[in-house]
Amino acid sequence: MSNKVHKRGHSTEPPSLSNDLNYPTFGPENDGLLPISRQDIDEKSSSTFTPRPTGATKRSNTLKAIDRPAFAVLVVLYLLQGVPVGLAFGSIPFILKSKLSFSQVGIFSLAAYPYSMKLLWSPIVDAIYSPKVGRRRSWIIPIQLISGTTLIYLGSIIDTLVENPKPHLTKITVCFFLLVLFCATQDIAVDGWALTCLSPECLSFASTAQTVGINSGYFLSFTIFLALSSPDFANKYLRSVPLEQGLFTLGQYLNFWGWVYLVVTGLLYFIPEDPPHLAKSNQAKLASEKVKVETAYNSKASKWNELKAVYESMYQVLKLPNIQVLIVILLTAKFGFQVNEAATNLKLLEKGLSKEDLSITVLIDFPFEMVFGYYAGRWSNGKVPLRPWLIGFAGRLVAALFAQVLIYFFPQEGKVSSKYFLLIILQHLLNSFMATIQFVSLSAFFTKIADPAIGGTYMTTLNTISNYGGTWPRLIILYLIDKFTLSECHTLANGFSITSESLKEKCNELGGTINILRDGYYYTNIICVVIGFAILLWVKKRATHLQSLPPSAWRVK
């Protein structure tokens with residue numbers, strides 16, 4: 001699933017200012033999905049916080065019965081995040097593409113930016129809260145109320161907006177930008193809550209809750225929504241009497257989840273911030289963090305000091321020479337396969353592939369991603385974690401070329417054979433497998449080099465830059481596809497070249513046919529892949545050098 005959300009790597013725990021404590025880190029079992037804190041708290045102590053040596057807390061292979069209610073709450077909260085994200089990253093671009101150009105769909109892609117920029121305000125979410133409401137609930141409850149209200153409002157108008165999206169594109173983009181912003185903010189708070197609502201030995205299950213919840217919400221809003229909202233799918237598989245609409249509209253879907261948000265928020269009001277069996281140890285840990293900040297600044301701890309400590313740590317990470325080389329790699333490495341990531345599925349729809357067929361490819365891809373993540377995690381646990389990343393890099397470039405061949409040989413009559421459909425599935429699986437290898441191995445490398453003194457902030461900074469490396473080229477790529485495309489309109493009276501979206505609309509109004517003389521998808525994809533291979537040759541030497549450096553080369557002084 002090329003459009004899936006890689007929402008990983010931010011830490012909501014403020015970095016302690018001494019190496020005496022254990023810091024948030026990525027455990028190998030969580031595939032880099034969530035910063036898991038070891039939280040080595042002596043459970044036997046009642047009022048004092050006693051740090052244990054790193055790794056002293058044994059991790060449980062089974063979820064304790066006492067942690068199951070908190071685990072269920074996390075799954076529900078992560079699922080709610082996945083619903084708007086699945087729409088913004090998945091379904092809405094496909095709905096808009098049938099009536100908009102690639103450049104205009106590129107404008108809507110700006111709605112995804114908040115998930116790549118969470119680093120900027122995550123320290124604020126962690127530091128500012130009401131002690132009476134709770135450190136995490138102070139953000140989760142109001143954010144969910146706002147999100148639910150926004151979904152209900154958007155549900156009442158969205159069907160009218162997408163019916164003729166061009167004049168309303170800015171409004172649609174702003175609404176979903178705000179929804180993704182709310183989800184990103186809630187994600188910061190929920191990730192932080194996940195580190196304190198489960199027993200220390202069961203913290204690895206926080207990653208499980210995130211994986212199950214986020215992917216389920218994304219799956220519902222992408223695959224399930226596209227299928228059930230399609231009249232063709234509903235008439236073929238679910239109805240005896242055909243109708244012109246699917247089982248529900250986009251507006252009804254948004255309205256339903258808006259009310260779910262509000263109901264869950266109401267129930268959340270009665271759930272305590274700290275489970276009874278962890279209340280004392282969590283309070284002791286929070287008190288210890290405040291003491292560390294007070295000691296560092298020789299003054300009474302304040303919210304400003306906590307924020308200043310986090311942002312200063314981020315700045316110190318960015319000043320490291322080796323980190324600066326790594327930043328250049330992270331910001332350029334995803335350019336080569338951006339056309340495949342951003343436009344291949346849209347192009348398949350434009351060629352004539354039905355939305356329900358596309359949703360089936362995502363449905364098949366979903367379980368494979370879980371298996372890919374497991375084996376990619378095992379493969380990346382070594383002294384050279386960037387080697388699988390380089391293989392994944394080359395593999396994604398190959399998948400981009402494979403996609404170009406698929407688009408070129410799309411059946412002219414529009415009827416997709418079973419063999420061709422199988423090739424579409426194989427292309428999706430190849431790209432998904434290589435993307436998972438890259439993601440997991442890069443997380444393993446980040447874990448290897450992160451300075452333990454500021455582990456959470458270190459990981460947050462690197463993962464944010466990595467995510468942004470896949471976000472910034474998208475608008476440019478979609479614009480170039482339209483720029484390189486050359487079309488002409490043939491009518492009964494005459495013909496004319498199509499150089500803008502308005503001329504394309506004029507052709508449709510005159511009842512003409514549009515012939516594509518030069519498809520910008522092919523040109524843009526080839527340019528990106530060639531640049532991608534050039535970047536790969538440059539990156540290969542740098543990556544080999546970077547992973548051979550000693551830990552001291554990555555330490556903040």
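The values are calculated or read from the model by the stated rules, or taken from the named source; none is laboratory data. Since this is a predicted model, take the numbers as computed values, not measurements. Heads up, the Cβs are rebuilt from the backbone with ideal geometry, glycines too, and the neighbour counts pull from every protein chain shown. Quick note on the areas: whole protein, heavy atoms, side chains included, nothing else; ligands and nucleic acids left out. Shrake-Rupley method; radii C 1.70, N 1.55, O 1.52, S 1.80 Å.
Residue by residue through the stretch 331-382, note down the ones that are at pLDDT 85 or above, within 15 Å of ILE437 (Cα to Cα) and either surrounded by fewer than 20 Cβ atoms within 10 Å (Cβ to Cβ) or not hydrophobic (A, V, I, L, M, F, W, C) (or both).
Selection gives LYS334 alone.
Scan the stretch 241-270 residue by residue and report those that are hydroxyl-bearing (Ser, Thr, Tyr) and within 22 Å of SER359 (Cα to Cα).
We begin by selecting, within the stretch 241-270, every residue hydroxyl-bearing (Ser, Thr, Tyr); these are 249, 253, 261, 265, 269.
If the condition is that a residue be hydroxyl-bearing (Ser, Thr, Tyr) and within 22 Å of SER359 (Cα to Cα), then THR249, TYR253 are the ones that fit.
Given (1) over 21 Å from LYS355 (Cβ atoms); (2) at pLDDT 90 or above; (3) hydrophobic (A, V, I, L, M, F, W, C), where does ALA194 come up short, assuming only one miss?
Here ALA194 meets the rest and fails (2).
Counting residues that are open to solvent by 60 Å² or more (accessible area, probe 1.4 Å), which strands (runs of 3 or more DSSP E) fully inside the stretch 460-557 reach at least 3?
Working: elements: 486-490, 495-498, 513-518.
So the answer is 513-518.
Which of the residues belonging to the stretch 101-153 are outside any helix (DSSP H, G or I), over 23 Å from the mean Cα position of the chain (by Cα) and not polar (S, T, N, Q)?
Let us first name the residues in the stretch 101-153 that are outside any helix (DSSP H, G or I), namely 101, 117, 121, 128-136.
Add one more test, that the residue is over 23 Å from the mean Cα position of the chain (by Cα), and what stays is 101, 128-135.
Within the stretch 101-153, ILE128, TYR129, PRO131, LYS132, VAL133, GLY134, ARG135 qualify.
Suppose we filter the stretch 413-459 for residues that are aliphatic (A, V, I, L, M) and farther than 17 Å from PRO551 by Cβ; how many remain?
Count: 13.
Got a number for residues in the stretch 450-463 being modelled with pLDDT of 85 or more and within 16 Å of PRO114 (Cβ to Cβ)? Before you say what the answer is, go through the steps one by one.
From the stretch 450-463, those modelled with pLDDT of 85 or more are 462; that's our starting set.
Imposing the further condition that a residue be within 16 Å of PRO114 (Cβ to Cβ) reduces the set to none.
Of the residues in that region, 0 qualify.
Considering each residue of the stretch 287-330, count those that are among the basic types (Lys, Arg), part of a helix (DSSP H, G or I) and at pLDDT below 80, and give that number.
Of the stretch 287-330, the ones among the basic types (Lys, Arg) are 290, 292, 300, 303, 308, 319.
Now drop any that are not part of a helix (DSSP H, G or I), which leaves 290, 292, 303, 308, 319.
With the extra rule that they be at pLDDT below 80, the set shrinks to 290, 292, 303.
Number of matching residues: 3.
Kindly list the number of the only condition in (1) touching a residue at least 24 places away in the same chain (Cβ under 8 Å); (2) part of a helix (DSSP H, G or I); (3) open to solvent by less than 30 Å² (accessible area, probe 1.4 Å); (4) not basic (Lys, Arg) that fails for PRO275.
(2)
Any residue in the stretch 229-245 that's within 19 Å of ILE92 (Cα to Cα) and open to solvent by less than 90 Å² (accessible area, probe 1.4 Å): show its pairings with residues that are modelled with pLDDT of 80 or more and among the small types (Gly, Ala, Ser) at Cβ separation under 6 Å, as long as the two are six or more apart or on different chains.
Once the first residue is within 19 Å of ILE92 (Cα to Cα) and open to solvent by less than 90 Å² (accessible area, probe 1.4 Å) and sits in the stretch 229-245, its partners that are modelled with pLDDT of 80 or more and among the small types (Gly, Ala, Ser) give SER229/GLY246; SER230/GLY246; PRO231/GLY246; PHE233/ALA227.
Residues being in a helix (DSSP H, G or I), over 18 Å from ALA112 (Cβ atoms), in contact (Cβ under 8 Å) with a residue 40 or more places away in the chain and open to solvent by 70 Å² or more (accessible area, probe 1.4 Å): count how many of those fall in the stretch 161-191. Lay out the reasoning, then the answer.
Quick first cut of the stretch 161-191, residues in a helix (DSSP H, G or I) only: 161-163, 166-191.
From the residues that got through so far, the ones that are over 18 Å from ALA112 (Cβ atoms) too are 161, 163, 166-168, 189-191.
So of that shortlist, the ones also in contact (Cβ under 8 Å) with a residue 40 or more places away in the chain come out as 166, 189-191.
Now restrict to residues that are open to solvent by 70 Å² or more (accessible area, probe 1.4 Å): 166.
Qualifying residue count for the region: 1.
Conditions first: (1) surrounded by fewer than 22 Cβ atoms within 10 Å (Cβ to Cβ); (2) at pLDDT 90 or above; (3) not charged (D, E, K, R). HIS428 passes all but one, so which condition is the exception?
(1)
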